[in-house]
1. One residue is enough: does the range 130-144 have a residue meeting the conditions within 30 Å of residue 13 (Cβ to Cβ), of a type in the set (A, V, I, L, M) and surrounded by fewer than 12 Cβ atoms within 10 Å (Cβ to Cβ)?
2. Determine whether the range 60-74 contains at least one residue that is basic (Lys, Arg) and under 28 Å from residue 93 (Cα atoms).
3. Looking at residue 130 and the list (1) within 32 Å of the chain's Cα centre (by Cα); (2) over 30 Å from residue 56 (Cβ atoms); (3) of a type outside the set (Lys, Arg), which single condition is not satisfied?
4. Among the candidates 38, 59, 54, single out the residue that is at pLDDT below 90 and either more than 22 Å from the chain's Cα centre (by Cα) or surrounded by 12 or more Cβ atoms within 10 Å (Cβ to Cβ) (or both).
5. Kindly indicate whether residue 91 is surrounded by 12 or more Cβ atoms within 10 Å (Cβ to Cβ), of a type in the set (Lys, Arg) and either over 30 Å from the mean Cα position of the chain (by Cα) or under 20 Å from residue 34 (Cβ atoms) (or both).
6. Here are some conditions: (1) surrounded by fewer than 11 Cβ atoms within 10 Å (Cβ to Cβ); (2) aliphatic (A, V, I, L, M); (3) not in a helix (DSSP H, G or I). Residue 68 meets all but one. Which one does it not meet?
7. Can you confirm whether the range 75-87 contains a residue that is β-branched (Val, Ile, Thr), within 30 Å of residue 51 (Cβ to Cβ), at pLDDT 95 or above and surrounded by 12 or more Cβ atoms within 10 Å (Cβ to Cβ)?
8. Spot the failing condition for residue 98; the list is (1) more than 12 Å from the chain's Cα centre (by Cα); (2) surrounded by fewer than 13 Cβ atoms within 10 Å (Cβ to Cβ); (3) modelled with pLDDT of 95 or more, and only one is missed.
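The values are calculated or read from the model by the stated rules, or taken from the named source; none is laboratory data. Please read all numbers here as calculations on a predicted model, not as lab measurements. As a convention, Cβ positions derive from the backbone with ideal geometry for all residues, glycine included, and neighbour counts pool all protein chains shown.
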Amino acid sequence: MNTGVLSVGFKFRYQSLLSYREHLKEKAEIEFGSAQGSLQKARQELELYEYRHSTARMSLEQGLTGRMTSGEIAAYSDYLNGMKKRIASQKQEVARKERVAAEKRKNLLERTKEYRIIEKVQEKDHQKWMQQLSRLEQKRVDEMSVTRHGRDFH
């Protein structure tokens, strides 16, 4: 009987591969989270620029109906033009970070899929091991019963 091998415990034949793929999956999760955080920060910055631009535009409109010097009007105009450039630049940055986040998400999905494939192999191997252990245990119990009943019949 080969119960010595099974009594040691289940050892997955591809454990190092499973561990490696788990590491890659965790790394991809961290990278995706970082990309999402960076994207969120870029979007918030864009919202802030748009808010400042809108506020300055409303102030300029109110100033035009009141008493505003040509120097103040020029300053507001320069500020608004600068904010438009910042907004355009920030929109490009948001788009770039969206592409990076999408790429990191795709990578995470691939790494998760690769990990789950090996994880399923491990689950199947473990089930086979449990079935084999159960069969050996049943065989041992049967042998004990035969031995005990065999003595009773003599």
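1. yes
2. No, there is no match, as no residue in the range 60-74 is basic (Lys, Arg) and under 28 Å from residue 93 (Cα atoms).
3. Result: residue 130 passes all but (1).
4. Of the residues listed, the single one that is at pLDDT below 90 and either more than 22 Å from the chain's Cα centre (by Cα) or surrounded by 12 or more Cβ atoms within 10 Å (Cβ to Cβ) (or both) is 59.
5. no
6. Every listed condition holds for residue 68 apart from (1).
7. Yes, the conditions are met somewhere in the range 75-87.
8. Among (1) more than 12 Å from the chain's Cα centre (by Cα); (2) surrounded by fewer than 13 Cβ atoms within 10 Å (Cβ to Cβ); (3) modelled with pLDDT of 95 or more, the lone unmet condition for residue 98 is (2).
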